[in-house]
Amino acid sequence: MRRCIFTVCAVIGLGLVQHNAFAWGSAGHMVIAAEGFRQLSPELKAQVIDVLKGHPEFADWKKAYHPNPNLDLATYIVMRASNWPDEIRNSGDIYDHPNWHFVDYPIRPPAFTFEPDASPTNNVLYGIAQAEQALSDTNANPELRGAMLSYLVHLVGDMHQPLHCESLFNDTYPKGDRGGNDIYVNPTTAAQNRQQGVRLHGLWDGLLGSTADTQTQWKYAVKLDARFPRKALPELTQHTTPVDWSLESRELAIKVGYLDGKLQGSTSADAAPRLPENYTKTAKAVAERQAALAGYRLADEIEHYLKFSQPALLAAEYTNLAPASAVKHVIGTAEAANFYDETMTVTGKVVSVSVRPTITIISLDKPAPGNAFTAVIFDANTALFGDLSKLTNQNVELNGSISEYHKRPEMILETPNQIKVLPAK
Ligand SMILES: [Zn+2]
């Protein structure tokens, strides 16, 4: 699978699932949501879904789900809910709180003496407190509770991104660097020779992946849980309040994010200096550990604030993973982006067959550059397929693994039996 590494590549919308440039990126929030949700008892899972039923987007999330042997409806909904506060950010929505996503503790090298945030009633700590309060009150408006649960899932994630808990002040940034948003670094090696820098904040946001694919991020969550069991994370018992968590993040921002004040950056993308070797690798290790902490803490928060609701059980439709035999395997091109890494049958009409020296490209349903779906045959296999131009204007079924290439779904065809021409309608 070919994917770009940094979040700058991930800001373009993709069908049903929205990408976002804010905070961990949608990929990171989904990992943390999945990690948290899988820790919960069946009763608590039922309560989470019950509360989310009040959320204004619940029906749309439910509709967007495709039965899948690896990811049940309940988990899918919680993963979608994790991104909603970013999706409505700066939209003017009644639930939009653009400043709840961070806390700007000023940090000043070289001493980095602690200073409080200047906006204690409009930051991530305040947002979490508001969410806790709404969830504790079983008589609160169901829509508000749904929205605030979505915020809780999101904000616990945000505050574990170290650069969400600081703003660097120095001679270059007398008004602060807004959590690394105004400082550019170049994360590529000299050999890669990319000159344009990226925002330090954006680099951190992208460390937990850049895909909007729920299944990929679900698998990532399972992997992180296995790598970081609760007992491997002593902070879980040492630091138990949101304020503690924000201070952990602040420390990590200073040490790993800004290298104790020694990080070289620039105010312009064009002049961004290269990061030291291993910077990104170390940062990713920190991000993954933070994601694990966030997942467990999110589960603990939910347990604490929802525990006194009525016990219930989830309806079968939310938890019953469809048996593999019942899972939909034949899909249209519009759905293909929901099934990355899966073997599926994709149906569509061939609108063009472009034979180039090293590659043949078959476009389904919409011509390039806006292709709905692309099938690719590499040179080594082309001879097996005969005259592919005959496929033009035919309805076909293509069977194979769906991969993501430049943010669009494609399928690599290696043998002719992967193509079936359907009778004309
Ligand atoms: Zn956010």
Give me the residue from the stretch 96-144 that is of a type in the set (Phe, Trp, Tyr) and within 13 Å of the ligand (Cβ to nearest atom) and, out of that set, surrounded by the fewest Cβ atoms within 10 Å (Cβ to Cβ). 100
Across the stretch 364-389, which residue is surrounded by the fewest Cβ atoms within 10 Å (Cβ to Cβ) among those that are of a type in the set (Ser, Thr, Tyr) and more than 28 Å from the chain's Cα centre (by Cα)? 389
Residues to consider are 130, 47, 39; find the one that is at pLDDT below 95 and in the same structural domain as residue 150 (by TED's automatic domain parsing). 47
Tell me whether the stretch 98-108 contains one or more residues that are over 25 Å from residue 245 (Cα atoms) and in the same structural domain as residue 125 (by TED's automatic domain parsing). no
For the stretch 152-171, does any single residue satisfy the condition of being more than 15 Å from the ligand (Cβ to nearest atom), among the hydroxyl-bearing types (Ser, Thr, Tyr) and open to solvent by 40 Å² or more (accessible area, probe 1.4 Å)? no
If you check residue 180 against the conditions, is it open to solvent by less than 40 Å² (accessible area, probe 1.4 Å), among the small types (Gly, Ala, Ser) and away from the ligand (no atom under 16 Å from the Cβ)? no
Please determine whether any residue of the stretch 81-89 is more than 14 Å from the chain's Cα centre (by Cα), within 13 Å of the ligand (Cβ to nearest atom) and either modelled with pLDDT of 95 or more or part of a loop (DSSP other than H, G, I, E, B) (or both). yes
Determine the pairs where a residue that is under 17 Å from residue 126 (Cα atoms) and of a type in the set (Asp, Glu), located within the stretch 159-172, has a partner that is open to solvent by 10 Å² or more (accessible area, probe 1.4 Å) and within 16 Å of the ligand (Cβ to nearest atom) with Cβ atoms under 8 Å apart, the partner being 6 or more residues away or on another chain. 166/104
For a quick check of your reading: which strands (runs of 3 or more DSSP E) sit entirely within the stretch 358-425 and have at least 2 residues that are of a type in the set (Asp, Glu)? 395-405
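So that you can scan it fast, the table gives a plain yes or no per residue for (1) at pLDDT 90 or above; (2) farther than 24 Å from residue 211 by Cα; (3) among the hydroxyl-bearing types (Ser, Thr, Tyr):
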position: 329; (1), (2), (3): no, no, no
position: 340; (1), (2), (3): no, no, yes
position: 371; (1), (2), (3): no, no, no
position: 379; (1), (2), (3): no, yes, no
position: 393; (1), (2), (3): yes, yes, no
position: 404; (1), (2), (3): no, no, no
position: 419; (1), (2), (3): yes, yes, no
Please determine whether any residue of the stretch 390-399 is in the same structural domain as residue 349 (by TED's automatic domain parsing), touching a Lys or Arg at 6+ places or on another chain (Cβ under 6 Å), on the phi < 0 side of the Ramachandran plot and open to solvent by 30 Å² or more (accessible area, probe 1.4 Å). yes
For the stretch 186-217, which residues satisfy the criterion of being open to solvent by 50 Å² or more (accessible area, probe 1.4 Å) and at pLDDT below 95? 189, 190, 191, 192, 193, 194, 195, 196
Set 299, 285: member being open to solvent by less than 20 Å² (accessible area, probe 1.4 Å), assigned by TED's automatic domain parsing to the domain that holds residue 115, within 25 Å of the chain's Cα centre (by Cα) and at pLDDT 95 or above: 299
For residues in the stretch 22-43 being over 13 Å from residue 315 (Cα atoms) and open to solvent by 20 Å² or more (accessible area, probe 1.4 Å), which is nearest to the ligand (Cβ to nearest atom)? 22
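The values are calculated or read from the model by the stated rules, or taken from the named source; none is laboratory data. Computed from a predicted structure; not experimentally measured. Glycine also receives a Cβ, built like all others from the backbone with ideal geometry; neighbour counts cover every protein chain displayed. Note: areas computed on protein heavy atoms with side chains; ligands, DNA, RNA excluded. Shrake-Rupley method; radii C 1.70, N 1.55, O 1.52, S 1.80 Å.
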